[in-house]
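The values are calculated or read from the model by the stated rules, or taken from the named source; none is laboratory data. Computed from a prediction, not measured in an experiment: that's the story for all the values here. For neighbour counting, all protein chains shown are included, and Cβ atoms are generated from backbone atoms with ideal geometry for every residue, glycine included. Each accessible area value is taken on the protein alone, full model and side chains, heavy atoms only, with ligands, DNA and RNA left out. Shrake-Rupley method; radii C 1.70, N 1.55, O 1.52, S 1.80 Å.
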Amino acid sequence: MTCPDKPGQLINWFVCSLCAPRVCKLWSSRRPRTRRNLLLGTACAIYLGFLVSQVGRGSFQHGQATDRGPPNSHDIFKVPFPEIPLDGTLAPPESQGNGSTLQPNVVYITLRSKRSKPANIRGTVKPKRRKKYAVVASVAPDQEVLVRPSLIQQEVARAADAKVPAYVQGYLTKVGERPWRVLQGPRGSNLQQPRAQESNIRIYSESAPSWLSKEDIRRMRLLADGEVASILPAISKSGTRLLVLEENTSGSVPGCGPSPCGLLKQPLDMSEVFAFHLDRILGLNRTLPSVSRKFEFIQDGRPRPIILWDSSLASASNDSHSSVKITWGTYQQLLKQKCWLNGRVPRPEWGCTEIHHHEWSKMALFDFLLQIYNRLDTNCCGFRPRKEDACMQNGLRPYCEDQNSVTLAHVIQRKNDPRHLVFINNKGFFDRSEDNLNFKLLEGIREFPESAVSVLKSQHLRQKLLQSLFLDQVYWESQGGRQGIEKLIDVIERRARILITYINAHGARVLPMNE
């Protein structure tokens, strides 16, 4: 009798050696069969039957393994794999080198990996906007304050209307607008607006765009956040108002001398803000800083453009609002003479002014992109005007037959710098179709500034305009956010392509104009 070599066979042999003699002795002895002996014999019989079945199954599998044919000939006799869950928690049996399979004795459990938190990349997260906490200043009984009618009682409003100064009623009230309410005391005036802790000029990067100087940013913040000390009358048919932004320290009546002032215009003039940023991006630097702003003392609550008042501007005549009077015919003659070009002093018979020849090229390019006609084409002779245009309102359209006698308007210089122009009243028109563009603005121009043309050709005009206009939060939101700003830029880009085509077709030169 051979000794079994496996642990399972050893156990079976030991049990059989104990149970077999016991069963034979129970059945062969003459002792009474008690219940204990009966149960023990039954258990041993069941176990012997189980061993016989195990021996038969093992011999069958051993015979199947020895009688093996080609791999594909006995697929139907193979023992199938146990069912594998769909989630992959149990791996299939591994195949051995001899073709047999090994039943797995290890259960592989797939654990869900812990999601890692995304990295916080600098510059991709918009900074948290802080809430604005307005500081409500106390108003003394002897101060004059502009407030909205909804904030005061009707009796006080009626009493205030009777005390409004004549110049305030004349320049602060326009046809179609509800008048401002003025609370006036015996002496002095104070139109201070609560200062916000956060500026309306938002700069999230370390520095402002390169085309805006530090002085431009300082003036923009002054216009957007400066306190309004008083209101001064401004002689203008469009209802323009002049605001003194900071109280002067001399103790006299506030004025636009030592204190900075801003020219407050109507909501329809919001294109002045776009014109300022376009001017800086093109490298012309001829417009005055302009921002959009809301005022608590204006009833409608709509944002309005406010433009920096420059006291160094030369005085203008009442009819043309220009520091120098020039007709269209004289203007075309000046373009031919090229006054002050390359430092050449013009002859007296040429009729030149102190304005440099390159200034007209910059003005023509700027006015064409924005379709500004109130400087070079005041009578709207180069396009089909609408009833809302100023030339139609003033009845100037029929005077286009004698164009040489038409006077140019808004040609402004500085007192200390008569060679260069300052672009004022830059109200542009974005709704003018491409088949109705005013090419009269480009008539007589044979040179264009290289800095501006290079930007128009560089395919970066849209990116720069978005980056620059984003600084003015009030203007950005008033135009409908990025979607509205994109529509305005689309118009300028189409006009830029038309301008480049015009330059190439007419053989105009592109020159550096940084004299």
Practice prompt. With the full set of protein chains in place, find how many percent of the accessible area of the range 408-509 is carbon and sulfur; take the probe as 1.4 Å.
Written response: 47
Fill in: Residue-by-residue Karplus 3J(HN,Hα) for the range 399-414, coefficients 6.51, -1.76, 1.60, Hz, glycine and proline x
8, 7, 5, 10, 6, 5, 8, 6, 8, 6, 10, 6, 9, 10, 10, 9
Worksheet item: Do the alpha carbons of any pairs in K265/K464; K265/K338; K325/K457; K325/K487; K427/K464; K265/K325 sit beyond 29 Å of each other, and which pairs?
Response: K265/K338; K325/K457; K325/K487
Practice prompt. Rank-order 433-442, 285-294 by packing density, defined as the average count of other C-beta atoms within 10 Å over each peptide's residues, highest first.
Written response: 285-294, 433-442
Discussion item. Taking θ = phi - 60°, what integer Hz values does the Karplus form 6.51 cos²θ - 1.76 cosθ + 1.60 yield along the range 427-437, in sequence order, with x for Gly and Pro?
Written reply: 6, x, 10, 8, 9, 8, 5, 5, 7, 10, 6
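Per residue, how much space in cubic angstrom lies within the convex hull of the C-alpha atoms of the range 294-408?
170
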Worksheet, complete the sentence: In Å², rounded to a whole number, the accessible area per residue of the range 355-503 with probe 1.4 Å is 42
Worksheet item: Taking H as built 1.01 Å from N, whose amide H comes closer than 5 Å to the amide H of R419, not counting residues under 5 places away?
Response: none
Response to the item:
Between V510 and residues 5 or more places away or on another chain, the pairs with built amide H atoms under 5 Å apart involve F448
Worksheet item: Amide H to amide H under 5 Å from R293: which residues, 5+ apart in sequence or cross-chain, H placed 1.01 Å off N in plane?
Response: R304, I306
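On full extension of the chain, what length is gained from K336 through R386, given 0.36 nm per residue of separation minus the C-alpha to C-alpha distance?
14.7 nm
I need the peptides 457-466, 363-372 ranked by packing, meaning the mean over residues of other C-beta atoms within 10 angstrom, with the highest value on top.
363-372, 457-466
For the range 467-515, with only Lys/Arg (+1) and Asp/Glu (-1) charged at the beta-carbon, what is the dipole magnitude about the Cα centre, in debye rounded to 20?
Charge dipole, the range 467-515, about its Cα centre: 260 debye, nearest 20.
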Worksheet item: Across the range 282-294, in residue order, what do the Karplus-derived ³J(HN,Hα) couplings come to in whole Hz, using 6.51 cos²θ - 1.76 cosθ + 1.60 with θ = phi - 60° and x for Gly and Pro?
Response: 6, x, 7, 6, 10, 9, 8, x, 9, 9, 9, 8, 9
